[in-house]
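S.K.: Take this structure first; my questions come after.
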Amino acid sequence: MKRNLIAAAVLLSLMLVSCGAGGATTTIDVTMTDFQFQPSQFTVPAGQEISFSTANNGAVVHNFVIMKLGTTAGDFFDEADIPNVYWEVELLPGASTDTSFTAPSEPGEYEVVCRTEGHIVSGMTAKLIVVPAE
Ligand SMILES: [Cu+2]
C-alpha cells in the first residue's frame with residue numbers, strides 16, 4: 001500500500017514536471033511558508049506581463065526575490081546582493097497580495113530566494129525559468 005502511494009506520488013510529480021516544461025504560464029500563484037515556496041519552480045515566457053499572486057502562510061516575514069540572470073544570493077542575502085535583484089515582493093505573516101511584473105527578456109534560469117535572514121539556508125529558494133515567448 002505504502003509503495004503504491006509512493007509510486008503514485010512519483011508519477012504525479014513526473015506529470016507536473018513534464019507539464020511545466022512544455023507550457024510557460026503568465027500566471028504565478030505561490031504560497032510562502034516557514035520555510036519554502038510552494039510551488040518552487042515557475043516557467044514564464046520572456047518579456048511578458050506575469051500576474052503574481054502570493055500568500056504568506058508562515059509566522060514571519062517572507063520575500064519573493066528574483067535575482068538577475070547569472071547572479072546568486074549565495075547562502076546569505078546581504079548588501080552586495082541588492083544590485084542583483086531583478087524584482088521582489090515582501091509579505092508580512094498572514095498577508096497576501098495580487099500584483100504583477102514583467103518577465104525578464106533574456107531566457108534562462110533565474111534564482112528566486114527569500115531575503116529574510118537565515119531563510120535561504122533553511123531551504124527557501126525557488127527557480128524561475130524564462131523561455132522564449134512564442
Ligand atoms: Cu522567508
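S.K.: Only one of these is modelled with pLDDT of 95 or more and within 20 Å of G23 (Cβ to Cβ): P107, P93. Name it.
M.R.: P107
S.K.: As an exercise: evaluate Q41 against (1) in contact (Cβ under 8 Å) with a residue 40 or more places away in the chain; (2) within 13 Å of the ligand (Cβ to nearest atom); (3) surrounded by 15 or more Cβ atoms within 10 Å (Cβ to Cβ) and give the number of the one condition it does not meet.
M.R.: (2) is the only condition that Q41 fails.
S.K.: Still on this model: Among the residues of the range 17-27, are any farther than 16 Å from K127 by Cβ and at pLDDT 95 or above?
M.R.: yes
S.K.: Let me ask something else about it. Looking for whichever is surrounded by 18 or more Cβ atoms within 10 Å (Cβ to Cβ) and more than 18 Å from T27 (Cβ to Cβ) here; the options are T116, T72, T54. Which one fits?
M.R.: After applying the criteria, what remains is T116.
S.K.: I would also like to ask the following. Only one of (1) in a loop (DSSP other than H, G, I, E, B); (2) within 16 Å of the ligand (Cβ to nearest atom) fails for S105. Which number is that?
M.R.: Looking at each condition in turn, S105 falls short on (2).
S.K.: Do you know which residues across the range 119-134 are open to solvent by 10 Å² or more (accessible area, probe 1.4 Å), more than 8 Å from the ligand (Cβ to nearest atom) and modelled with pLDDT of 95 or more?
M.R.: I120, V121, G123, T125, A126, K127, I129, V131, P132, listed by residue number.
S.K.: Is it true that some residue in the range 88-97 is open to solvent by 80 Å² or more (accessible area, probe 1.4 Å) and either among the β-branched types (V, I, T) or within 30 Å of E134 (Cα to Cα) (or both)?
M.R.: Just the residues of the range 88-97 that are open to solvent by 80 Å² or more (accessible area, probe 1.4 Å), to begin with: 90, 92, 96.
This time we only want the ones that are either among the β-branched types (V, I, T) or within 30 Å of E134 (Cα to Cα) (or both), so: none.
The answer is no; no qualifying residue exists.
The values are calculated or read from the model by the stated rules, or taken from the named source; none is laboratory data. Everything numeric here is computed off the predicted structure, so don't read it as measured data. So basically every Cβ, Gly included, is an ideal-geometry build from the backbone, and we count neighbours across all protein chains shown. Each accessible area value is taken on the protein alone, full model and side chains, heavy atoms only, with ligands, DNA and RNA left out. Shrake-Rupley method; radii C 1.70, N 1.55, O 1.52, S 1.80 Å.
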